[in-house]
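Below you'll find the structure, written out as structure tokens, and then a few comments.
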Amino acid sequence: MLEGPSIQTDMVKALEDFLSVPRKVAITMHHNPDADALGSALGLARYLKKKGHQTLVISPSAYPGFLEWLPQDGEVIVFEEAETEDIKQAIDACDLVAYLDFSVPSRMEALEPLFSGLDKPSLLLDHHIAPTIQATFHFWDPAAAATAQMVYRLIAAMGDLELLDPHIGEAIYAGIVTDTGSFKYPSTSREVHEIAGHMIDIGVPTSTIHYRIYDNNSENRLRLLGYLLSEKLRVLPEYRTAYFTLSADEQERFCTEKGDTEGFVNYALSIRDIVFAAIFMEKEGKIKISFRSIGSFPVNEFAQAHFNGGGHKNAAGGASHVSLEETEKLFLSLLPQYKEQLLNVKR
Ligand code: 5GP
Ligand code: MN
């Protein structure tokens, strides 16, 4: 019932054979991991450990503070904060590398060279469009709501659901909750709810997880949000579009920390009749952009066409290498050609 078409029986069988002896597995995820990247990596790691394998979970960069409750015993190595040579040796000593919640190598950013060119079996679990990684054990479904759902499907297909425990469960649940926008996005299928139900059955404290993730604001983050909403929000009803810009100076003023702006773009999208939202942020010498939409407007195509980016149909990102002001101007100049498409979106 819960085995999606993306979990091919022959791949499962091949992986089962491969895992029939104890293996060392290096698990990685995309840069700036979110709850789905981190949760699915940790869920898979705990599952593999229970099956007698050794695991090494490596994140290219630090994970946000509101996810600090997820890892146990400091089990996540943050590449940016560790010795490159140590991590390289550890990866080289592994039998299997696992890529979670991404399928384009560049999303590992500075960690990419340590994985590229490795001559060893690989495992991919992902739901992003346009994968370029072809893994030995390849489990990919763009219709899946979360990579955590893919991890669950794999565990189910391996016949190992009895190995699930509250620790694995909370990691899977965290990925599902966040990637479905708390069970709001259209990707929230019956299967998603069934998995969530199973998590409740095995004792995952689902309500507590929501509080940990969503009621975990710092005062600075909330004040920055207040400032953006009252001073910076621009609403363009004629294009059903709303957006914010956030300069480096403003971030300094509000002592903004990594991850503090996570989810802000959704406030712009929560305005009645708005179907296209964006946030433009000066970050690390470039303008990092998040796009969100409702319904038929494909922000991944918009991001790819104009901002060297990509992502999902309703959640995408990109970057710009001109100033914040010029980026905003460019964005505004693009809207007229999308006007008709935006006006036709059913909200
Ligand atoms: P966010 O706005 O949360 O940073 O990103 C939303 C989604 O857009 C991510 O899950 C990812 O799939 C995609 N994305 C964000 N930034 C980029 C980018 O620079 N390039 C590509 N190809 N995809 C991105
Ligand atoms: Mn995901």
Open item on the list: With θ taken as phi - 60° and the coefficients 6.51, -1.76 and 1.60, list the Karplus ³J(HN,Hα) couplings across segment 284-294 in order, rounded to whole Hz; mark glycine and proline as x.
Closed with: 6, x, 9, 9, 8, 10, 10, 10, 9, 9, 10
Open item on the list: What's the magnitude of the charge dipole for the chain around its Cα centre, counting Lys and Arg as +1 and Asp and Glu as -1 at the beta-carbon? Answer in Debye, nearest 20.
Closed with: 1000 debye
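Would you mind working out the magnitude of the charge dipole of segment 174-233 relative to its Cα centre, with +1 at each Lys and Arg C-beta and -1 at each Asp and Glu C-beta, to the nearest 20 Debye?
Dipole size: approximately 240 debye.
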Task: Charge dipole of segment 22-85 about the Cα centre (unit charges at C-beta), most positive-ward option of LEU67, GLY43, VAL78 - done: GLY43
TODO: Send over the per residue convex hull volume for the chain, Cα only, as a whole number of Å³.
DONE: 139 Å³
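Sort TYR227, TYR243, TYR63 so the one with the fewest other Cβ atoms within 10 Å of its own Cβ comes first.
Going from least to most buried by this count: TYR227, TYR63, TYR243.
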Open item on the list: Out of the GluC sites (Glu not before Pro) in segment 238-286, which ones are loop residues according to DSSP with at most 12 other C-beta atoms within 10 Å?
Closed with: GLU284
Task: Equivalent ellipsoid dimensions for segment 9-214 as semi-axes, Å, which come from the Cα gyration tensor, largest first - done: 24, 19, 16
Open item on the list: Using 0.36 nm times the number of residues separating GLU68 and THR208, minus their current alpha carbon distance, what extension gain do you get?
Closed with: 49.0 nm
Open item on the list: Please give the charge dipole size of segment 9-214, origin at the Cα centre, charges +1 on K and R Cβ atoms and -1 on D and E Cβ atoms. Round to the nearest 20 debye.
Closed with: 380 debye
TODO: Could you tell me which chymotrypsin sites (Phe, Trp or Tyr not before Pro) in segment 23-80 are loop residues by DSSP with no more than 15 other beta carbons within 10 angstrom of their beta carbon?
DONE: TRP69
- [ ] Go through 196-203, 86-93 and give me the packing order, highest mean Cβ count within 10 Å leading.
- [x] 196-203, 86-93
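Could you work out [θ]222 nm for the chain from helices alone, using -39500 (n - 2.57) per DSSP H run of at least four and dividing by all its residues? Round to the nearest 500 deg cm²/dmol.
-11500 deg cm²/dmol
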TODO: Work out from phi, with θ = phi - 60° and the Karplus expression 6.51 cos²θ - 1.76 cosθ + 1.60, the ³J(HN,Hα) of each residue of segment 104-116, listed in order in whole Hz, and give x for Gly and Pro.
DONE: 10, x, 4, 6, 7, 6, 5, 7, 3, x, 6, 9, 6
- [ ] Determine, for each peptide in 171-177, 32-38, the mean count of other beta carbons within 10 angstrom over its residues, then list the peptides with the highest first.
- [x] 171-177, 32-38
Task: the chain: DSSP helices with Cα axial extent of at least 20 Å and average Kyte-Doolittle hydropathy no lower than -1.0 - done: 35-50, 324-343
- [ ] Beta carbons within 10 angstrom, averaged per residue: use that to sort the peptides 147-153, 162-168, highest first.
- [x] 147-153, 162-168
Task: J(HN,Hα) series, segment 245-255, from Karplus relation 6.51 cos²θ - 1.76 cosθ + 1.60, nearest Hz, glycine and proline x - done: 10, 9, 7, 5, 4, 5, 5, 5, 4, 9, 6
Task: Long pairs among LYS232/LYS258; LYS120/LYS283; LYS88/LYS120; LYS184/LYS313; LYS120/LYS313; LYS88/LYS286, criterion Cα-Cα beyond 25 Å - done: LYS120/LYS283; LYS120/LYS313; LYS88/LYS286
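Only the coordinates and a few stated rules stand behind these numbers; no lab work does. Note that the coordinates shown come from a computational prediction; the quantities given were computed from them, not determined experimentally. Here Cβ is always computed from backbone atoms with ideal geometry, including for glycine, and neighbour counts include all displayed protein chains.
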